[in-house]
Amino acid sequence: MNLGTKTFMVLKLEKAGETFSGTLAHPDRFQTSNGVRFSRLSSGVGTETVATASIEGDKLHFTTRDANGKDDQAAYDMTLVGQDSAIVKAIDLPIEPWPFSRVRDTNPRAVSTDWEPRRSYSLDDNAASNPEMQQIYEADQQARKDFLEFAQGGDAVTAEDAGRRSLTRRLLADGKLRTSEDYTRAAYIFQHGGTPDDFLFAHTLAMVAAAKGDADALWIASATLDRYLQATGKRQIFGTQIKEKADHTASLEPYNRELVSDDLRRELGVIPIAVQEEQLQSWTERFKAAAAKPK
């Protein structure tokens, strides 16, 4: 079983009369909440020895014990899903089955030991970013490149944004978005939606991007939450959302400045309150310039 280009688990099985023997090797310490993403992987390798094995219907049910003599035991079901592929389900854990690929060459596989302890790993770690998602994102950003032109875009920009959200939803439904970059780009598309659900969905996409290792996604995760809060009649908490008032001055209100400290804002890539206040004057000038430009 691989996580990207690294070997996470090695299952060895050999026919032994009417049953099977073998081992299951993996990092001796790791964490997972769903069986898809793994973190806190150690460099040491732990090995479980197959204790019992029997074919039950279309599954190979086997139990293991710790090879070092500990009392730890585990039970698994292995199901073939192709000539050279199988899934293994840990019976006592509420997680997704693990995909394994059979190795037919003579080179023995070994569990990787060069894990980075501060990052997480997933099955999609060697996936390429989706070029269509990149094009959708670039079109979204191009529409906002010139502030005055964007401010006067009106219904045309709104319709284009809706089209980009529709295309992004299709890519998501088809399982075409797999990398942190894909999800960050998708978050920006829904951040430019028009409903609280759009903003909340954008926040979800940004959290996926951050979980996949894109630290820059923390800013869009913060901004989407702020936008959702304001869209539902609540105060933003990070200060990422600047609004234009009726007199064309810039405002951060409604804004709860006390809940989150500037130190936490910095951790999320958000500028501190003092800098936010300085930016309001610049935004006021831009709003007034846009309002004064002939329609």
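Here residue 264 fulfils each of the conditions (1) assigned to a loop (DSSP other than H, G, I, E, B); (2) at pLDDT 95 or above apart from (1).
Looking at the range 196-209, is at least one residue part of a helix (DSSP H, G or I) and in contact with a Pro (Cβ under 8 Å, 6 or more places away or on another chain)? No: the range 196-209 contains no residue that is part of a helix (DSSP H, G or I) and in contact with a Pro (Cβ under 8 Å, 6 or more places away or on another chain). Give the range 26-44 a look and list any residue that's crowded, with 16+ Cβ neighbours inside 10 Å, part of a strand (DSSP E or B) and not basic (Lys, Arg), or say none. Result: 26, 27, 38, 39. Of the residues making up the range 1-25, those that are outside any loop (DSSP other than H, G, I, E, B), farther than 20 Å from residue 117 by Cβ and not polar (S, T, N, Q) number 10.
Is it the case that the range 230-240 has a residue that's free of Cβ contacts under 8 Å to residues at least 60 places away in the same chain and touching a Gly at 6+ places or on another chain (Cβ under 7 Å)? Within the range 230-240 (the criterion being free of Cβ contacts under 8 Å to residues at least 60 places away in the same chain and touching a Gly at 6+ places or on another chain (Cβ under 7 Å)), the answer is no, since none of the residues qualifies.
In the set 47, 23, only one residue is touching a residue at least 40 places away in the same chain (Cβ under 8 Å) and surrounded by 14 or more Cβ atoms within 10 Å (Cβ to Cβ); that residue is 23.
Counting only residues that are surrounded by 13 or more Cβ atoms within 10 Å (Cβ to Cβ) and modelled with pLDDT of 95 or more, how many does the range 65-89 have? Final tally of qualifying residues: 10. Exactly one residue among 240, 232, 204 is crowded, with 19+ Cβ neighbours inside 10 Å and modelled with pLDDT of 95 or more, and that residue is 240. Note on the range 243-258: among residues that are among the basic types (Lys, Arg) and farther than 22 Å from residue 187 by Cα, the one that is modelled with the lowest pLDDT is 245. Among the residues of the range 139-153, not a single one is charged (D, E, K, R) and modelled with pLDDT of 95 or more.
Scanning the range 61-70 for any residue that is of a type in the set (S, T, N, Q) and closer than 30 Å to residue 213 by Cβ turns up nothing. With respect to residue 177, is the statement that it is within 23 Å of the chain's Cα centre (by Cα), modelled with pLDDT of 95 or more and surrounded by 16 or more Cβ atoms within 10 Å (Cβ to Cβ) true? For residue 177, the condition - within 23 Å of the chain's Cα centre (by Cα), modelled with pLDDT of 95 or more and surrounded by 16 or more Cβ atoms within 10 Å (Cβ to Cβ) - is met. Consider the range 180-195. How many of its residues are basic (Lys, Arg) and assigned to a loop (DSSP other than H, G, I, E, B)? Within the range 180-195, residues that are basic (Lys, Arg) and assigned to a loop (DSSP other than H, G, I, E, B) number 0.
Residue 95 passes every criterion in (1) in contact with a Gly (Cβ under 8 Å, 6 or more places away or on another chain); (2) under 22 Å from residue 231 (Cβ atoms) apart from (2). For the range 234-256, the candidate set comprises residues that are more than 28 Å from the chain's Cα centre (by Cα) and assigned to a loop (DSSP other than H, G, I, E, B); within that set, the residue that is farthest from residue 201 (Cα to Cα) is 247.
So that you can scan it fast, the table gives a plain yes or no per residue for (1) within 26 Å of residue 217 (Cβ to Cβ); (2) β-branched (Val, Ile, Thr):
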{"position": "252", "(1), (2)": "yes, no"}
{"position": "256", "(1), (2)": "yes, no"}
{"position": "261", "(1), (2)": "yes, no"}
{"position": "271", "(1), (2)": "yes, yes"}
{"position": "274", "(1), (2)": "yes, no"}
{"position": "294", "(1), (2)": "no, no"}
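Would you confirm, using the coordinates I've provided, whether residue 182 is charged (D, E, K, R), crowded, with 19+ Cβ neighbours inside 10 Å and closer than 23 Å to residue 127 by Cα? So residue 182 passes the test. Of the residues in the range 66-85, at least one is at negative phi and within 26 Å of the chain's Cα centre (by Cα).
The values are calculated or read from the model by the stated rules, or taken from the named source; none is laboratory data. Here the structure is a predicted model, which is why all the values come from computation and not from measurement. Cβ sites come from the backbone with ideal geometry, for glycine too, and all protein chains shown count toward neighbours.
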